[in-house]
Amino acid sequence: MIAAGLVLAAGQSRRMGSAKLTLPWRDGRTVVEAVVAALRQGGVERILVVVGGDRQSVEEALAGSRVEIIENLRHAEGEMLGSIQTGLRAMGDGPEGALVTPGDLPAIQPTTVRAVVEAWQDSPEAVCVPVYGGRRGHPVLLPRRNWAEVLALGAGESLRSYLRLHLDEVRSVEVPDAGIHADIDSPQDYRRNR
């Protein structure tokens, strides 16, 4: 079974005050490059990146990284759900699962990506979510069987609210990776996590 990566990179970076996804991270990569690299090193071959207002800078940062760039035409609404829905629609018939992660979680480890994918391959009907320190994080693996319901969610709903209503389908995957929570929303987050 194949899962494709879905990187959400259409946010407005309001709390950061600048384009956070293209900030320098580690090993000569930008924030969004580090996310893509973690997915790739974790065994994910096909990666879609959903972009919005910072499309040009994200595309430039990811030039040569073999990702598919998809634009969320409703990115100005600022809802992550719209980017998830845009990405799921763009996946076509190929993958049986979508590994969803925000583009501002550059500390995610490839071993976490592998652990989530392997858990899903063991339990193909489950929505697999990494857990560290008792808290869920990303990437979340959504099996194709759940996509229609996620695509039908409306304004004011989110992937988080969807998962709360489907707890019986969620499989928690314990990982030793604080990076699943380390999003870069503010200059303080950036300094602390870098």
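The values are calculated or read from the model by the stated rules, or taken from the named source; none is laboratory data. Just so we're clear, the structure is a prediction, and the values are computed from it rather than from any experiment. When we count neighbours, we look across all protein chains shown, and the Cβ atoms used for this are built from the backbone with ideal geometry, even at glycine. The accessibility values were calculated without ligands, DNA or RNA, using every heavy atom of the protein model including side chains. Shrake-Rupley method; radii C 1.70, N 1.55, O 1.52, S 1.80 Å.
Taking the solvent-accessible surface of protein heavy atoms with a 1.4 Å probe, what is the per residue accessible area of region 1-110 in Å²? Provide the component values of the computation, followed by the final result.
Working: 4820 Å² over 110 residues.
Using a 1.4 Å probe on heavy atoms only, each residue of region 1-110 averages 44 Å².
Give me the one-decimal nm value for the distance between modelled label points at residue 57 and residue 123, 7 Å along each residue's Cα-to-Cβ direction.
3.9
For the chain, which whole percent of the accessible surface, found with a 1.4 angstrom probe, sits on carbon and sulfur atoms? Write out the running numbers ahead of the final one.
On the way: 4370 of 9190 Å².
Carbon with sulfur: 48 percent of the solvent-accessible area.
Return an integer: the convex hull volume of the alpha-carbon atoms of region 1-72, in Å³ per residue. All intermediate terms of the calculation are to be shown ahead of the outcome.
Working: hull volume 6.5 nm³, N = 72.
Per-residue hull volume (Cα only) is 90 Å³.
Lys/Arg Cβ at +1, Asp/Glu Cβ at -1, dipole of region 1-126 taken about the Cα centre: which of 4, 53, 100 is farthest positive-ward?
Towards the positive end, the residue furthest out is 53.
Just the projected area, averaged over all directions, of the convex hull on the alpha carbon atoms of region 76-117: how many nm²?
Values: hull surface 15.2 nm².
The Cα convex hull of region 76-117, projected and averaged over all directions, gives 3.8 nm².
Give me the percent of DSSP beta bridges within the chain that run antiparallel, rounded to the nearest 5.
Details: 8 of 28 bridges.
Antiparallel bridges: around 30 percent, rounded to the nearest 5.
Sort all Cα-Cα distances of the chain into consecutive 5 angstrom bins from zero, then give the percent of pairs in each bin up to the one containing the longest distance.
1, 8, 18, 22, 23, 17, 9, 2, 0
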